[in-house]
Amino acid sequence: MTPTEILKTEHRAIEVVLECLMRIAQQAEQGGQLDTASAAQAIEFLQAFADARHHVKEERLLFEQLVARGWQRDGGPIGVMIADHEEGRALIRKMVMARDAAAAGDASAAKEFARNAEAYVNLLRGHIRREDLVLFARADLALAPADQASLLAAFERADAQHEATRPCGRTLDLARELADRFGVPATALSEAGCGPHQD
C-alpha cells in the first residue's frame with residue numbers, strides 16, 4: 001500500500017463519522033435539542049483520528065516530503081490543504097463550546113452546534129475530494145520509489161507514537177458505535193486498520 005492509499009483509506013473512515021455528525025446536526029436543527037453524548041463521541045473521533053493521527057501524517061510527513069521535492073509550502077495546493085485543516089480545527093473548537101453550552105442547558109446551543117457541524121462536514125467533504133482526486137495523484141507522480149518507502153516507514157513511526165497515547169482501536173470503536181446508532185454503513189472502519197501498514 002502506498003502512503004496516499006493509506007491516507008485515502010483513512011478518508012473513508014473519516015467520512016463515516018462525517019455522515020454521523022451531519023445526522024446529529026440535522027436532529028439538533030430540527031428538534032432544538034442536541035444529543036450531547038453522540039456529539040462528544042464524534043468530536044473525540046475527529047480530534048483523535050482525523051486530526052491528531054491523519055492530518056499529522058499529511059502535514060508533517062507527506063507535505064514536508066513534497067516541499068523537499070520542490071513544491072510550494074504556502075500559496076499552492078499544500079497551503080490550501082493546511083488552511084482547510086486550520087479552519088476545521090476552529091470549527092471543532094466552536095462545536096466543543098456549543099456542546100458544552102447545550103449540556104449546561106443553553107437552549108440556543110443546539111442550533112449553534114448544528115451550524116458549525118454542518119460547516120465542518122461540508123469543509124471536510126470538499127477537502128477530502130480535492131486530496132483524493134488532485135493532490136494525491138500529483139504527489140504520487142512527484143515522489144520517487146525511495147520517497148514512498150521513506151514515507152511508509154515514517155507513517156508507521158507516527159502511528160506507533162500516536163498509539164501510545166490514543167489507541168486507534170478505541171477511537172474506531174467510537175466511530176462504530178456512532179455508525180450503529182445512526183444507521184451509517186461502517187465497512188470503511190474495518191478497512192482503516194490500526195498498527196503497521198501492509199504493502
Residue check for Ala98: closer than 19 Å to Glu156 by Cα, aliphatic (A, V, I, L, M), surrounded by 20 or more Cβ atoms within 10 Å (Cβ to Cβ) and in contact (Cβ under 8 Å) with a residue 60 or more places away in the chain
no
Looking at region 32-65, which of its residues are within 29 Å of Arg138 (Cβ to Cβ) and among the β-branched types (Val, Ile, Thr)?
Val56
Count of residues meeting criterion [within 14 Å of Lys57 (Cα to Cα) and either at pLDDT below 95 or surrounded by 20 or more Cβ atoms within 10 Å (Cβ to Cβ) (or both)] in region 5-27
4
Of these, Arg60, Arg53, which one is buried (at least 19 other Cβ atoms within 10 Å of the Cβ) and not aromatic (Phe, Trp, Tyr)?
Arg53
If the requirement is being under 15 Å from Tyr120 (Cβ atoms), modelled with pLDDT of 95 or more, among the aromatic types (Phe, Trp, Tyr) and assigned to a helix (DSSP H, G or I), which of these qualifies: Phe63, Phe49?
Phe49
Checking Leu135 against (1) modelled with pLDDT of 95 or more; (2) hydrophobic (A, V, I, L, M, F, W, C); (3) surrounded by fewer than 17 Cβ atoms within 10 Å (Cβ to Cβ); (4) under 21 Å from His55 (Cα atoms), only one condition comes out false. Which one?
(3)
Out of Leu178, Leu133, Leu123, which single residue is farther than 24 Å from Gly32 by Cα and not in a loop (DSSP other than H, G, I, E, B)?
Leu133
Of the residues in region 127-142 that are touching a residue at least 12 places away in the same chain (Cβ under 8 Å) and not aliphatic (A, V, I, L, M), the one that is farthest from Ala83 (Cα to Cα) is Asp140
Pick from Ala83, Ala146, Ala101: which is assigned to a helix (DSSP H, G or I), within 19 Å of Glu5 (Cβ to Cβ) and not acidic (Asp, Glu)?
Ala146
Out of region 125-165, which residues are touching a helix residue (DSSP H, G or I) at 6+ places or on another chain (Cβ under 8 Å) and of a type in the set (Lys, Arg)?
Arg125, Arg130, Arg138
Give me the pairs: first residue in region 38-60 and farther than 27 Å from Gly183 by Cβ, second residue among the small types (Gly, Ala, Ser) and surrounded by fewer than 21 Cβ atoms within 10 Å (Cβ to Cβ), beta-carbon distance under 6 Å, and six or more apart or on different chains, which are they?
Lys57/Ala158
State all residues of region 68-79 that are part of a helix (DSSP H, G or I) and either among the polar types (S, T, N, Q) or crowded, with 16+ Cβ neighbours inside 10 Å (or both); if no residue qualifies, say none.
Pro77, Ile78
Scan region 177-185 and tell me whether some residue there is in contact with a Cys (Cβ under 6 Å, 6 or more places away or on another chain) and over 26 Å from Glu87 (Cβ atoms).
no
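The values are calculated or read from the model by the stated rules, or taken from the named source; none is laboratory data. Worth saying up front: this structure is predicted, and the values here are computed from it rather than measured. Every residue, glycine as well, gets a Cβ built from its backbone with ideal geometry; the counts of neighbours run over all protein chains shown.
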